[in-house]
Amino acid sequence: MSMEDVRKDFPIFEQVINGHPLVYLDSAATSQKPRPVIEAIDRYYRESNSNVHRGVHTLGSRATEAYELAREKVARFINAPSSDLVVFTRGTTESLNMIGYGYARTKLREGDEIVLTPAEHHSNLIPWQQAARATGARLKYIPLQADGTITLEDVRGTITDKTRLVAIAQVSNVLGTIYPIREIVDLAHAVGAVVVVDGAQSVPHMPVDVQALDCDFLAFSGHKMCGPTGVGVLYGKRERLEEMEPTYFGGEMIDVVELYEASWKEIPWKFEGGTPIIAGAIGLGAAVDYLTGIGMEEIRRHDRELTEYALERLRSLPGVTVYGPEAAGERGGLVTFNVDGVHPHDVSTVLDSEGIAIRAGHHCAQPLMRWLEVPATARASFYLYNTKADVDALVHGLNTVKEFFQHAIG
Amino acid sequence: MQLDELYRQVIMDHYQHPRNQGELTEKTVSVDLRNPSCGDEITLQLEVADGRVQDVRFRGSGCSISMASASMMTEAIKGQDVPEALSLAKVFRSMIRGEAVDTEVLGDLESLQGVSRFPARVKCALLAWQALEKAVSGHTDHQPE
């Protein structure tokens, strides 16, 4: 399928926003959904809806089969060695919190170190702050270079033999920086530390192979990769998941229940207490099929081409500051920027009047905003359905912003 | 949707030349408030004596709407009785919610009426007023909404 046809798969683009065709540049917040995903969820509710792993009836089997098939699809998508290493969760935030509660709190001791970067999303920061408070462990930060990258020398300097856990995003949701996960994993494993990768911004946009990365955990969200909201994934190596405690207790996740104690099912089900996210997982399975059909290499190439074009055009605009690494090859499909003298909210409102959706604010990364010394930024993020014409619309919109505010402020 | 409906000239004037910006030496109360979803911040200081807002200052960072709203608010409430200021806050909130209000009492603040048609910006316009309600809650029997 050519990338030109992709847009037609997304019904949301069949509308006008404020009199303009929708230019959606906020996929880093959430992606749009293609017809096959919407239809898979619809079909599940029409034809197979039932609870999983319990009913001995036909629908029960059908739902269970579809749910477990989705797990297999996701496992193949990230090249997990086995589908039972894929746990369905509500999303990246929940996956990371489950590691914080079920793993970090039981494994960390006073004086242990957790290593992060200051660029982490709040979801990959606060769970570790909390785990550190609960255990007496200490947070340490790998310093950022001026362009938001890190050096392996600094990674080596930050990871010590006290480091027990390293948590890092593969792609920064603000700067777009792609971090060298495999190298970090090797340095962490050398001192016996486990590595948690926040894949929220990487898994939807580039081939991610958990065996090649050798990471201990990977967390990501379905809704940023053409799937529905409310479903995400926690991948873990077998030993890690087996030594990790469940965090939700109740139906579905148990083996034997006595009056005073209980035992758990095998992985991954011991982590899926309660009726699982059945329709969500099936929708995510359909999203994985859709993305695989296009090809993750192709999506990465497309994102990169748009990012390169956007960087070039935005950098040539006077009064626009672009943050993050210089080269498109070092970043994911997003560009964070500010217009001199105009608050990002105002930028966003003016762009919205031309049908252009971007994100404005602190992007759930307050420490990074302080590091950039700005209260907030604007962010345009790309995905498979975006085109160069969308970037042109953004540039046109930014010129409107500048004209409008120049005129309005006088 | 017309941008001019939102960004009226008087708003831009307050954004560019905020009134009553800074700190008070004789402050009775100081309130810090932020909008955690977008990062807007305000510090509002009041000098309240004899049930009246004798003086007021603010500092903050945020968009044109939040800063202009703060600037206009400080002008409006300076010299007002506390209950008067709170009732102004009530009228302002109603206007921002898109309800019909008596605009007579609002003065320049009426220029923010357009915000009611931009739901994403309502919180920006209300930040300073929330700070005001929080600041005077100890100086009156009125409970903020």
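Find how much the distance from A:HIS122 to A:ARG46 grows on full extension, using 0.36 nm per residue of separation minus their present alpha carbon separation; answer in nm with one decimal. Please report the intermediate quantities before stating the final value.
Details: separation 76, 0.36 × 76 = 27.36 nm, distance 3.78 nm.
Computed gain between A:HIS122 and A:ARG46 is 23.6 nm.
For chain A, modelled as a GNM with alpha-carbon contacts under 10 angstrom, which of A:SER61, A:SER316, A:SER348 fluctuates the most? The residue that fluctuates most here is A:SER316.
Classify chain A as rounded, prolate or oblate from the Cα gyration tensor: take a ≥ b ≥ c as the square roots of its eigenvalues, call it rounded if a/c is under 1.5, otherwise prolate when a/b beats b/c and oblate if not. Before the final figure, lay out the partial values.
Values: a/c = 2.10, a/b = 1.27, b/c = 1.65.
It comes out oblate by the Cα gyration axes.
With +1 on each Lys and Arg Cβ and -1 on each Asp and Glu Cβ, how big is the dipole of the range A:173-278 about its Cα centre, in debye rounded to the nearest 20? Please report the intermediate quantities before stating the final value.
Numbers: 7 positive and 16 negative charges, 94 e Å.
So the magnitude is around 460 debye.
Straight-distance candidates among the lysines for linking to A:LYS265, with alpha-carbon spacing under 28 Å and chain neighbours fewer than 8 residues away dropped: A:LYS73, A:LYS107, A:LYS237.
For chain A, hydrophobic long helices are taken as DSSP H runs at least 27 Å long by C-alpha position along their axis with mean Kyte-Doolittle hydropathy of 0.0 or more; these are A:388-409. Converting phi to 3J(HN,Hα) with the Karplus coefficients 6.51, -1.76 and 1.60 and the offset θ = phi - 60°, the range B:37-51 yields 7, 10, x, 5, 9, 9, 10, 10, 10, 10, 10, 10, 9, 6, x Hz in sequence order, with x at every glycine or proline.
From helices alone, the protein assembly as shown scores -11500 deg cm²/dmol at 222 nm; the rule is -39500 (n - 2.57) for each run of n ≥ 4 DSSP H residues, then divide by the residue total.
A prolate overall shape is assigned to the range B:1-62, the ratio a/c of its alpha-carbon gyration tensor axes (a ≥ b ≥ c) being 1.5 or greater and a/b exceeding b/c.
Given +1 at the Cβ of Lys and Arg, -1 at the Cβ of Asp and Glu and no other charges, the dipole of chain B around its Cα centre is 460 debye to the nearest 20.
Highest mobility in the GNM of chain B, judged by mean-square fluctuation with C-alpha springs under 10 Å and restricted to B:PRO119, B:PRO83, B:PRO36, is found for B:PRO36.
Remark: mean inter-chain Cβ contacts per residue of A:339-349 equal 5, using a 10 Å Cβ-Cβ cutoff to other protein chain atoms. Amide H to amide H distances under 5 Å link A:GLY273 with A:TYR248, where only residues 5 or more positions off or on other chains count and H is placed in the peptide plane.
Annotation: amide H-H contacts under 5 Å for A:THR163 (H modelled 1.01 Å from N, sequence separation of 5 or more, or interchain): A:GLU113. When GluC sites (Glu not before Pro) are flagged only if DSSP places them in a loop and at most 12 other Cβ atoms lie within 10 Å, the longest unflagged stretch of chain A comes out as A:111-257. Scanning residues 5 or more positions from A:ILE254 or on other chains, those with amide H under 5 Å from its amide H are A:LYS265, with H placed 1.01 Å from N in the peptide plane.
Go ahead and run the numbers for FRET between A:ASN18 and A:ARG76, Cβ-Cβ distance against an R0 of 45 Å, rounding to 0.05.
Values: r = 41 Å, r/R0 = 0.92.
For R0 = 45 Å, the calculated efficiency reads 0.65.
Seen against the Cα atoms of chain B and their longest principal axis, helix B:82-96 is set at about 10 degrees. Computed about the Cα centre, the dipole magnitude for the protein assembly as shown is approximately 480 debye when only Lys and Arg (+1) and Asp and Glu (-1) carry charge, each at its Cβ.
What are the trypsin sites (Lys or Arg not before Pro) within the range A:102-137 that DSSP puts in a loop, where the Cβ has at most 11 other Cβ atoms within 10 Å? Walk me through the intermediate numbers first.
Working: sites: A:ARG105, A:LYS107, A:ARG109, A:ARG133; in loops: A:ARG109.
The qualifying sites are A:ARG109.
Enumerate the lysines that B:LYS78 could reach by cross-link, defined here as Cα to Cα under 30 Å, with residues fewer than 8 away along the same chain left out. The reachable lysines, counting only those whose Cα sits under 30 Å from B:LYS78, are B:LYS27, B:LYS90, B:LYS123, B:LYS134. Of the residues A:LEU96, A:ASN18, A:VAL335, the one whose Cα sits farthest toward the positive end of the charge dipole of the protein assembly as shown, with +1 on the Cβ of Lys and Arg and -1 on the Cβ of Asp and Glu, is A:LEU96. Each residue, A:THR321 and B:ASP4, gets one label point 7 Å from its Cα in the Cβ direction; the gap between the two is 3.2 nm.
Taking other Cβ atoms within 10 Å as a rough exposure proxy, A:HIS20, A:HIS302, A:HIS205 sort from fewest to most as A:HIS20, A:HIS302, A:HIS205.
Shown for B:ASP108, B:ASP102: other C-beta atoms within 10 Å of each C-beta, ranked fewest to most, produce the order B:ASP102, B:ASP108.
Taking the fewest neighbouring Cβ atoms within 10 Å as the starting point, the ordered list for A:HIS57, A:HIS343 is A:HIS57, A:HIS343. Spin-label model, A:GLU258/A:ASP340: points 7 Å from Cα along the beta carbon direction are separated by 7.4 nm. Expressed to the nearest 5 percent, the antiparallel share of DSSP beta bridges inside the protein assembly as shown is 70 percent. Taking Cα atoms, how many degrees apart are the long axis of helix B:122-136 and the longest axis of chain B, rounded to 10 and kept between 0 and 90? Relative to chain B, helix B:122-136 is tipped by roughly 10 degrees.
Quick check on chain B: what does the Kirkwood estimate of hydrodynamic radius come out to from the alpha carbon pairs, in Å?
With all distinct Cα pairs of chain B included, I get 15.0 Å.
Test of understanding: extend the Cα→C-beta vector of A:ARG370 to 7 Å, then name every residue of the range A:135-155 with backbone N under 16 Å from that spot. The answer is A:139-144, whose backbone nitrogens lie closer than 16 Å to the label point.
Using θ = phi - 60° in the Karplus curve 6.51 cos²θ - 1.76 cosθ + 1.60, the 3J(HN,Hα) couplings for the range A:209-226 round to 10, 5, 6, 5, 6, 6, 6, 7, 9, 9, 10, 7, 10, x, 6, 8, 10, 6 Hz; x is entered for Gly and Pro. In order along the range A:227-235, the phi-based Karplus estimate (6.51 cos²θ - 1.76 cosθ + 1.60, θ = phi - 60°) of 3J(HN,Hα) comes to x, x, 6, x, 9, x, 9, 10, 9 Hz; Gly and Pro are listed as x.
GNM on chain A, alpha-carbon springs under 10 angstrom: the most fluctuating residue among A:ALA134, A:ALA393, A:ALA262 is A:ALA262.
Bear in mind these aren't lab numbers, they're just calculated from the coordinates by the rules spelled out. Worth saying up front: this structure is predicted, and the values here are computed from it rather than measured. Please note: Cβ atoms are built from the backbone with ideal geometry, for glycine as well, and neighbour counts cover all protein chains shown.
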